[in-house]
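Since the structure comes first, as structure tokens, the remarks are kept for the end.
The values are calculated or read from the model by the stated rules, or taken from the named source; none is laboratory data. In this text the structure is predicted, and so the values were computed from the model without any measurement. Cβ atoms come from the backbone with ideal geometry, glycine included; neighbour counts cover every protein chain shown. Ligands, DNA and RNA are excluded from the accessible area calculation, which covers all protein heavy atoms including side chains. Shrake-Rupley method; radii C 1.70, N 1.55, O 1.52, S 1.80 Å.
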Amino acid sequence: MSTAVADKKPAAAEVIPTFNVTLRIRRFDPEVDEEPRWEDFDLEVFATDRVLDALHKIKWEVDGSLTFRRSCAHGICGSDAMRINSRNRLACKTLIKDLDITKPITVEAIKGLPLEKDLIVDMEPFFDSFKEVNPFLMAGPVKGGKERKQSPVERARFDDTTKCILCAACTSSCPVFWTDGQYFGPAAIVNAHRFIFDSRDEGAGVRLDILNDKEGVWRCRTTFNCTDACPRGIQVTQAIAEVKQAIIKGHA
Amino acid sequence: MPEKSASNLVAEPKSPSKIRSPKRPAGTLYRGNEGMWSWVLHRITGVAIYFFLLVHILDTALVRVSPEAYNQVIETYKTPVMGLGEIALVAAIAFHAFNGLRIILIDFWAFGAKHQRAMFWVVIGLWLILLAGFIPRQLMHVFGG
């Protein structure tokens, strides 16, 4: 049995199936274009390729002017969030074979942030909201200079929101954020949640005050686009609802 | 918003591109799921109900100005077109009411966010049951004479 598997493996590895796809990319060069434009690229890709690999292929072999962000290419740095087939995804976590390849695959920059070039947007407004919620431990000195103890149950309380990689897929999938740039957005609230429900943190009241605002958690209209878009599987809308409840109760 | 292109359907290409330029790519409307579409419906029905209430308050207030004019207005409401309009009104209010309860549960029930999708289909189910009871009766009323 095991030998049979071993026999098959090299053969499978030798021939990775390829297929042809069209990538329809929304291009924008601020020095030339007044409006973004669509451009098609026909490619032969492997079944193991991700959208990011296709973008690399275009940039390296077809059109070097194609501009996009990526860093680790393994779904951790959060650089390459983009709108793929009209949904926010990480290009490095989206296999082309999982998309509908009979039609062109559309690739656009994320929505609601100022477009700079091709697939790159200005992330500053996004990080400004993030900074506003005090995304760091707020706690006084510990008695006796010992460590801050936390039980596994207390740690599990905010485990989900520790996974955020700040890719902005959630915030830029939010219809409220598209039309109201003042809204904190899901990512900032997720990162506030991570500390509000941390038993070691003492700044919950401050953060709840910041988010108890017209442009804070009450702007959330529970469309669940953020939860669907999160490449880390964070239950974003759930986290926002928990912050809403904490504000009403007056404590975490 | 600074990004001009935020509209869902985007400008056609200005110059011929290197490979080939698609004329108008089919919608880049964000493809949300039940949550997003329930919100869109909720907003549309909400605005529609608001305008209905505005008209409704005006026509009811008319009775204090001139009872004859009020009667005339009420007479026009008895036409078949208005009868069909009432079906739309009931449909809008029923969806808005049921989905409003769903949103309250999402915000204040610990498991609401987890079950929002199922709750959406419950909303649609209740809505259809209510309409199935109302529409035949209303049609008989409007067209039955």
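Residue-wise HN-Hα couplings along segment A:218-227, as the Karplus relation 6.51 cos²θ - 1.76 cosθ + 1.60 with θ = phi - 60° gives them from phi, are 6, 6, 5, 10, 6, 7, 6, 4, 5, 4 Hz; Gly and Pro carry x.
In the assembled protein chains, A:F130 presents an accessible area of approximately 40 Å² (probe radius 1.4 Å). The heavy atoms of B:L53 present about 80 square angstrom of accessible area, all protein chains included, probe 1.4 Å. Phi angles of segment B:92-108 translate, via the Karplus equation with coefficients 6.51, -1.76, 1.60 and θ = phi - 60°, into HN-Hα couplings of 5, 5, 5, 5, 4, 5, 5, 5, x, 5, 4, 5, 4, 5, 4, 6, 10 Hz per residue; Gly and Pro are given as x.
Shown for chain A: the carbon plus sulfur share of the solvent-accessible area, taken with all protein chains present and a 1.4 angstrom probe, equals 53%. Calculated accessible area for segment A:9-121 comes out at 45 Å² per residue, all protein chains present (probe 1.4 Å; ligands, DNA, RNA ignored). Rounded to the nearest 10 degrees, the angle from helix A:186-196 to the longest Cα principal axis of chain A is 40 degrees.
In segment A:84-124, which residues give up 50 Å² or more of accessible area once the other protein chains are added, compared with their chain alone (1.4 Å probe)? Buried-area filter returns A:S86, A:R87, A:K111.
Residues B:Y70, A:Y183, sorted by accessible area with the largest first, give B:Y70, A:Y183 [1.4 Å probe; ligands and nucleic acids excluded]. Across segment A:241-251, computed HN-Hα scalar couplings (Karplus, 6.51 cos²θ - 1.76 cosθ + 1.60, θ = phi - 60°) run 4, 5, 5, 4, 5, 5, 5, 5, 6, x, 7 Hz from first to last residue, x flagging Gly and Pro.
To the nearest 100 Å², how much accessible surface do chains A and B hide from each other in total, with a 1.4 Å probe?
3700
Among the cysteines of the protein assembly as shown, those with no neighbouring cysteine Cβ under 4.7 Å are A:C92, A:C164, A:C167, A:C174, A:C220, A:C230. Each Lys or Arg adds one and each Asp or Glu takes one away; over the other residues whose Cβ falls under 11 Å from the Cβ of B:A118, this sums to +2.
Per-residue mean of foreign Cβ neighbours for A:215-222 is 3 (Cβ atoms of other chains, 10 Å radius).
Contact-buried residues of segment A:238-252, at a threshold of 10 Å² lost accessible area versus the chain by itself: A:Q238, A:A241, A:K244, A:Q245, A:I248 (1.4 Å probe; DNA, RNA and ligands ignored). Overall, the accessible surface of segment B:68-142 at a probe of 1.4 angstrom is composed of carbon and sulfur to the extent of 76 percent.
Answer rounded, prolate or oblate for segment A:1-154, using the Cα gyration tensor with square roots of eigenvalues a ≥ b ≥ c: rounded when a/c is under 1.5, else prolate when a/b is larger than b/c, else oblate. Oblate is the answer for segment A:1-154, as a/c is 1.5 or above yet b/c matches or exceeds a/b. Put simply, the amide H of A:E116, placed in the peptide plane, has neighbours under 5 Å in A:V121, A:D122, leaving out anything fewer than 5 places away on its chain.
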